[in-house]
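See below for the structure under consideration.
The values are calculated or read from the model by the stated rules, or taken from the named source; none is laboratory data. Here the structure is a predicted model, which is why all the values come from computation and not from measurement. All Cβ positions, even for glycine, are placed from backbone atoms using ideal geometry, and neighbour counts span all protein chains on display.
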Amino acid sequence: MGRGVAVAYEALPVAADFESVRADVERHLPLRNLHWVRKSSANRTIRTIQTLPVQVRPREAFNGATDLLDMPHANLLFVVCDDNEIYRATLRTQIREWLDSITAKRHQEWLIVHVTSGRGSGGKFYQRKGTIVDKIKADFNVGKRDRCIQVVQGASAEDPTAWADFLTKMKECIVTTFDANVALYEENIRKADSQRMLAGWQFLPFCRQKEALADSFEAMTLYEDALIQYDELEASFFQHVKEHSDAVWLERFGGLSPGDDALPLLSTSSKPYRKLIDTNTITVFDFRIYLFARQAFMLFHLDRVVEVARRGAYFVSTFARKLRENQATLGHNFVESWTYSACLDIVAACEAKLASQAIHTLSMPLIAVKAELLELAKKQLDKLGIFAGHLPALHPFSMSLNESSHGSVASTPASSTMTSPTRPPVSRTDLLEAIEKQDVFDKMYIELTQRAAQAYQTTSRRRIIHRSERSRHAAAQRILAQLSGQYTEQKWTDLEAYQHLRAAELQASLEMPREQLLSTLALIRAGVPAGAQTWSLASVQEDSAESVEQDASLANKLMTDVHSLSSALTKDFAAVSFPTFSISLQKDSGGRPADEDGVTAIALIQNLLPCDLKVDEVRLKFATAEGEQVWLTAGAATLRAKETTSVSVFCPTSVTGRLFLELSQLRFSRIIFQYSHRLKLGDDAALPPRLRQTLYLPPDFAAVAIRLEEPQTVHLDREREVIVCVDSGRNSVNRISISLSDRGQKIAFDASRATGVEPSSKLSVTDCVFCADTHTLSRAHCRRRLDDRRPGLEGVHNYPHQSTDQWRPVTTRSRCSSSLSLLGHLKRLLTRSPQVDISAEYSSAKRPSLRRISRQTAAYTFALPLAVNVQDYFRKDCLLSKFSITTDGTKGLVVQSANIEAPNQVKVQACRKDINLPVAVSPLQTANFLFRLTCADPATIGDPLRLVLRYVSTEQHAAARAGTPPPAFDERLWLDRTTPSTEYIAGLLQNLRRAEREVYSDGGSMADDTWHGLEIPLELPALSVLNLVSIETDRQRVELGQPIVATVSIRPTFRWTPGPDVEPARPRLSYSIVHSQHDWIVAGPTRGTFEPQEDVGETFEISLLPLRHGTLFLPSLAIQALPEDDGVSTASFSCETQPVTAATTVEVLPVHHRTTFEL
């Protein structure tokens, strides 16, 4: 059973010829993808058999088989012959005799397989096939079904599809035989079932017919259908018991054989069950066990392990009641022993099945059933322990004695003492040893209970299992601690409190302070029922009449124990969400002290304990919208019993904006009662919605303030600077330490070169710390100290920084009274406005020992709001330089002036009429400034020139002219707003009109420090050679088609050559005439070369023929340097051309004459 089907084979001419194809046949086994359609049923659904094991045995092995299951499902005849003469002479007769012996039996399928060697040419192969296989088919095929095929010996090793026809025919034979057997079995079962109500009808023969059908399904690996047959057989058994309760075989209940109490429940080989059924000698006890074992066997094959466990739990519990009904005939403690063994066998079998499939994690449903089976087994130990005297017959152990069925004797020690010489004793050795020895029983009981409890915990099913520990306090306290957790999750606070009280007493006697502390805290927590707002432990007190006084005394004692026990801890212990306290924030309690920097708030602490409690510290953690954390703390405070106490908390860090309460803490010795105030998932959708507790703090203009500003003038040839302004506000600052750090940008600040902007600053640069490696300055922190800052004074600190890229800073400078500078270096800039974190640590005269921290973030813009491009035009006696100024595309600019500062040898002349008139540049416009530079000898100019720009953004320009800064936004005023009055609106409109007049009036003035300066270093450009080109014609007016002669003159000059330190390179120059092909036809030397020399010109003539009439410009010349013959590059040689006669034109007149033709 369960090993597949059998197939018989025979080979001709001799039986040994099968060995030549045995490897080919076995290579295709087991068979796969068989399809069966039940023809004998109205429901013609297709069943697919994925894998079918097949046993190929010689035909002689089936001699004497009478049962359909023992007979082969297919008969194969392998004919190994390629000779036609041998076939006609002997093989045909032998095949006929074989076929007659097969067809003489019912339901026998056969197949003749011709095996050929496949040697020779392809034509001969097909010829042999046609001569032998065709003859076999013609001689033995009956009807339309083809039962003769041909295969090639050894072909399946190279081509798996070579034997495809053989596999198809073999599957057809097996399925046909199987379908015929099923139809026969079902017919016999219908006949037997129809005679159920007749006298003398027997159940066991019907059972054998039903099981034979199930065996057929099992052989075909149709385990689902086989399981259905066994389920129907079980239902038929119960119906038979109900209808034929006086049957003789039902009087043999069984269970009297040695070892029946510990018989493996899921084993079908423990007894010859099949033989007992055939001989009609099986007992009800054996039949029920065999039937369940067969059901479990099918379920295991279907990988339905959970169902095996569930059915097993139901079978054990129901059959145990049947055993108790027949307890008078069973052995001493037989029911308990059998139930205990059956439960453990089911659990072990399920775990072994999963282990065989490499599944190491059990599913939740299986663990749940496993827990029930283990608990049922533990109940049997309860009964055995009470009977043996190892356990008292008291609650909770006596709960297991209440299991009895209707009309049965209760399973008690008294009822189990009946003896009979025919009842065998308990044969399970471990139970016998446990009954005799108390230590063995305790060990077995504890291990089984722990397994059941662990299973319940895994499935979150908190059924509490009681255990017994005999004066072993260490183990008892451990078990009590575990049990209390079960009650906690079930919210059985009374039971939980009792368990914690017992555990704490045991831990105190064992000198386990840490465990006692945990149990005491858990006991205090259990005093607050789920959802309640009161604290009471009346359930663990002896006199409930005086529960109020006892609660106060007990609470005081427990908190005293917690204080003394926690003081011995080496580190703090957090008690999260402890229900005896609750902390909230008083609404609109945020404020600031009048004489120092900081933040204050009011915390409301509710104490549910019936006694006053003194806590060591109160702490509230807030978070800003940017993620900065702020702690507000208070010292020791006394919490009144059953009341809400107000505690003022303080933080020396001055923060601004809205603060969100995230965490609150109460320190009690080394215990920290901690509560989270963050919103949980779904709180925002709750009705009513749960809002976060917040504080709003308006800006504190009297606190220490630090800001970054840009220097008034930016020098692109110098190190960049940033100004740090420190305002002490209301404080008398003793010492301040400032830390600047960027956010990921590679900016470094050089504190060693810091300089004071104003002499009144007192600067100390001894505390400078850089956090940068030796290769790349990835991040830098620089701390500056200012000593003896007086209230109301403002320190300004310049932090210049150097850049390898182009920096573009622009800010508005504020009022300063003292200054400090710090040099920084930029390695790489990833954004236009990097975020700079400013952190200051300072102490004031009021509390010198208190460390105060001020944190700010500033977006310092290093990028310039403008771009400058220059274009130079060389002339013989001067240089024309055009500077084009554009914005960065985001905002407009107002340029007050643009000047070039030059040495005395250089004369600079601006080409604007009014150079003092500001120029407005929009984001889409360009402002051009043209300058004429003249000097006697350009090569002698060594000092650089500087372009000086003074500009301001259009927004700053308008704000400066208006003169009134906008007021700061006040959130509290906005939240408490009412309908504005008419006077308020009129005042706003008046202020707006005044500001508009100041902005657009001509009389509006701006302070000098409003304008920003930008100085760009310039060098006087140099040119290797300047070629003066002139083209002169003999006539200025010609008719169309008349040529003119033009004289081209080239005069080189080296006036703009670099200084005397540079050796001039004078390669040969080439020229070419550049003209429009639609205007001129040029004849003459249009291309040529010459060697440039000072005051030595090159002159030649060309002819120009106009192609259209009108005013035409003369052609131009393109001159460039030729590469040297030795391959020396002329890239450093610069050459430009000045067309002297660029504006010269020639007027070309159209042709006006008449021509007469005579025809």
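Just a few scattered comments:
- One residue alone among SER267, SER245 is surrounded by fewer than 19 Cβ atoms within 10 Å (Cβ to Cβ), of a type in the set (S, T, N, Q) and in contact (Cβ under 8 Å) with a residue 12 or more places away in the chain, and that residue is SER267.
- When each of THR1057, THR1047 is tested for being among the polar types (S, T, N, Q) and outside any strand (DSSP E or B), the lone residue that passes is THR1057.
- Test: residue in the range 1098-1106 that is on the phi > 0 side of the Ramachandran plot and modelled with pLDDT under 90: no
- Residue in the range 1086-1093 that is within 30 Å of VAL870 (Cβ to Cβ) and either touching a Phe, Trp or Tyr at 6+ places or on another chain (Cβ under 7 Å) or touching a residue at least 60 places away in the same chain (Cβ under 8 Å) (or both) present: yes
- Scanning the range 33-84 for residues that are among the aromatic types (Phe, Trp, Tyr) and over 23 Å from THR103 (Cβ atoms) gives a single hit, TRP36.
- Test: VAL56 is under 23 Å from ILE149 (Cβ atoms) and crowded, with 19+ Cβ neighbours inside 10 Å: no
- Cβ pairs under 9 Å, 6+ apart, first in the range 606-622 and more than 26 Å from ALA538 (Cβ to Cβ), second of a type in the set (S, T, N, Q) and not in a strand (DSSP E or B): ASP616/SER669
- Elements of type helices (runs of 4 or more DSSP H) contained in the range 424-500, each with 3 or more residues being more than 18 Å from GLU336 (Cβ to Cβ) and modelled with pLDDT under 60: 473-490
- Test: residue in the range 655-671 that is modelled with pLDDT under 90, in contact with a strand residue (DSSP E or B) (Cβ under 6 Å, 6 or more places away or on another chain) and of a type outside the set (D, E, K, R): yes
- Of all the numbered requirements in (1) touching a residue at least 24 places away in the same chain (Cβ under 8 Å); (2) of a type in the set (S, T, N, Q); (3) buried (at least 16 other Cβ atoms within 10 Å of the Cβ), GLN229 misses one, and that requirement is (1).
- Some residue of the range 854-875 being under 30 Å from CYS651 (Cβ atoms) and among the aliphatic types (A, V, I, L, M): yes
- Sole exception among (1) farther than 30 Å from LEU740 by Cα; (2) out of contact with any Phe, Trp or Tyr (no Cβ under 8 Å at 6 or more places or on another chain) for GLU626, by number: (1)
- If you filter the range 1017-1054 down to residues that are surrounded by 15 or more Cβ atoms within 10 Å (Cβ to Cβ), at pLDDT below 90 and among the small types (Gly, Ala, Ser), you find that the one that is farthest from VAL948 (Cα to Cα) is SER1024.
- VAL921 fulfils the conditions (1) under 15 Å from LEU1018 (Cα atoms); (2) modelled with pLDDT of 90 or more except for a single criterion, (1).
- Test: residue in the range 294-304 that is farther than 22 Å from ALA219 by Cα, assigned to a loop (DSSP other than H, G, I, E, B), assigned by TED's automatic domain parsing to the domain that holds ALA349 and not acidic (Asp, Glu): no
- Exclusive hit being of a type in the set (Gly, Ala, Ser) and at pLDDT below 85, set GLY1088, GLY1084, GLY1110, GLY1059: GLY1059
- In the range 659-674, the residues that are without any contact (Cβ under 8 Å) to a residue 40 or more places away in the chain form Cβ pairs under 8 Å with partners that are surrounded by fewer than 20 Cβ atoms within 10 Å (Cβ to Cβ) and assigned to a strand (DSSP E or B), at six or more places apart or across chains, as follows: PHE660/ALA623; PHE660/THR694.
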